[in-house]
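Taking it in order: structure first as structure tokens, then the write-up.
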Ligand SMILES: *Cc1c(COP(=O)(O)O)cnc(C)c1O
């Protein structure tokens, strides 16, 4: 895979019809998540033998694609998600975007797609956030959600890696994921479907993982639950993730607070929020462990009062407490269905860091504008 022609500079072609300040204000009122988009997007094409071509920032709009484009048939498609936050001094910074760039390339490698140099990934984000900085909301819990993706665009029906790709970056103002406050969710442990198997694509952020998850999510809804909890594919016994988020369990052991998350076995998505929370938990004086945990352990630890909380984490919703668990193996409540103090504390610590309310001692915030 050649990167010979790689050029991180992005040509800026501003939209002839950007939203007026009034239109923007209307659209940014209660934006929700992933429903409105800024005026621009960035596209960068790739051709085997030539490498990554010139990136262009242009008006947000439809992509033109050949109906034989291989992504439409064989699904070479990956994505990422990170956020940019308004800082108290008026600048704009994003949270650990280099980690997203690295994970994007790990996903690309798994799907036999070309890696994208970090300079292009970050350069595209800088260009788009700078151009559309008026779309970055400023309140606590609000941000500009950045959605990078890569698809296979070669028109060819033979089953092999595409020789042409397109990198696209979109930006979407996002409100507090739960405007009414953090409300614990009810989860359904899925015995019928698996998200990822050893040797598969579980660690990659690829579109197909999500396509395969939707029927389980629908079943969870039918069972009266908000989200599905995934088990390992082999023994159907170890807890892996909750929907598109990683999961944590909180134990009280001999006066010590212990935060446990399933270890990364290759079938779990290595979340950047997960990694950040492991570090922040230790700094809060909690013990933090990565290990396997079974459904029986979950139920028994709750019944015996050793486990006091469970919560899920990810970029979009930050931290979501789990209040109730339903499954074919029984139902149980966690912390009376209420948000617990450890989830609340970690959420506050992470949001304070992202919004620049406390010093960034980890070097996690990357200044993008100002
Ligand atoms: C993106 C994602 C996560 C969370 O990753 P973050 O980097 O924390 O946003 C967890 N699980 C799945 C399946 C995901 O796709």
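The values are calculated or read from the model by the stated rules, or taken from the named source; none is laboratory data. Worth saying up front: this structure is predicted, and the values here are computed from it rather than measured. Reconstructed Cβ throughout: ideal geometry from the backbone, glycine too, with neighbour counts over all protein chains shown.
Could you figure out which of (1) crowded, with 22+ Cβ neighbours inside 10 Å; (2) closer than 28 Å to residue 352 by Cβ; (3) within 16 Å of the ligand (Cβ to nearest atom) isn't true of residue 129?
(3)
Exactly one of these conditions fails for residue 182: (1) more than 15 Å from the ligand (Cβ to nearest atom); (2) modelled with pLDDT of 95 or more; (3) under 19 Å from the mean Cα position of the chain (by Cα). Give me its number.
(2)
Name the single residue that is nearest to the ligand (Cβ to nearest atom) among those in the range 88-104 being surrounded by fewer than 18 Cβ atoms within 10 Å (Cβ to Cβ) and within 17 Å of the chain's Cα centre (by Cα).
Among those that are surrounded by fewer than 18 Cβ atoms within 10 Å (Cβ to Cβ) and within 17 Å of the chain's Cα centre (by Cα), it is 99.
Between 288, 301, which is within 16 Å of the ligand (Cβ to nearest atom) and either in contact (Cβ under 8 Å) with a residue 12 or more places away in the chain or not in a strand (DSSP E or B) (or both)?
On inspection, the qualifying residue turns out to be 288.
Has the range 63-76 got at least one residue that is more than 16 Å from the ligand (Cβ to nearest atom), surrounded by fewer than 17 Cβ atoms within 10 Å (Cβ to Cβ), under 24 Å from the mean Cα position of the chain (by Cα) and farther than 14 Å from residue 164 by Cα?
Within the range 63-76 (the criterion being more than 16 Å from the ligand (Cβ to nearest atom), surrounded by fewer than 17 Cβ atoms within 10 Å (Cβ to Cβ), under 24 Å from the mean Cα position of the chain (by Cα) and farther than 14 Å from residue 164 by Cα), the answer is yes, since at least one residue qualifies.
Considering only residues of the range 255-282 that are in a helix (DSSP H, G or I) and in contact with a helix residue (DSSP H, G or I) (Cβ under 8 Å, 6 or more places away or on another chain), which is farthest from the ligand (Cβ to nearest atom)?
281
Would you mention how many residues in the range 322-370 are surrounded by fewer than 19 Cβ atoms within 10 Å (Cβ to Cβ) and on the phi > 0 side of the Ramachandran plot?
6
Tally the residues that are within 14 Å of the ligand (Cβ to nearest atom) and not in a helix (DSSP H, G or I), restricting the search to the range 203-230.
8
What about residue 252, is it within 13 Å of the ligand (Cβ to nearest atom), surrounded by fewer than 23 Cβ atoms within 10 Å (Cβ to Cβ) and outside the structural domain of residue 30 (by TED's automatic domain parsing)?
When the stated conditions are applied, residue 252 does not pass them.
What are the residues in the range 306-316 that are more than 9 Å from the ligand (Cβ to nearest atom) and at pLDDT below 95, if any?
Matches in the range 306-316: none.
Residue-by-condition table, conditions (1) touching a helix residue (DSSP H, G or I) at 6+ places or on another chain (Cβ under 7 Å); (2) in a strand (DSSP E or B):
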| residue | (1), (2) |
| --- | --- |
| 114 | yes, no |
| 123 | no, no |
| 147 | no, yes |
| 157 | yes, no |
| 160 | no, no |
| 170 | no, yes |
| 194 | no, no |
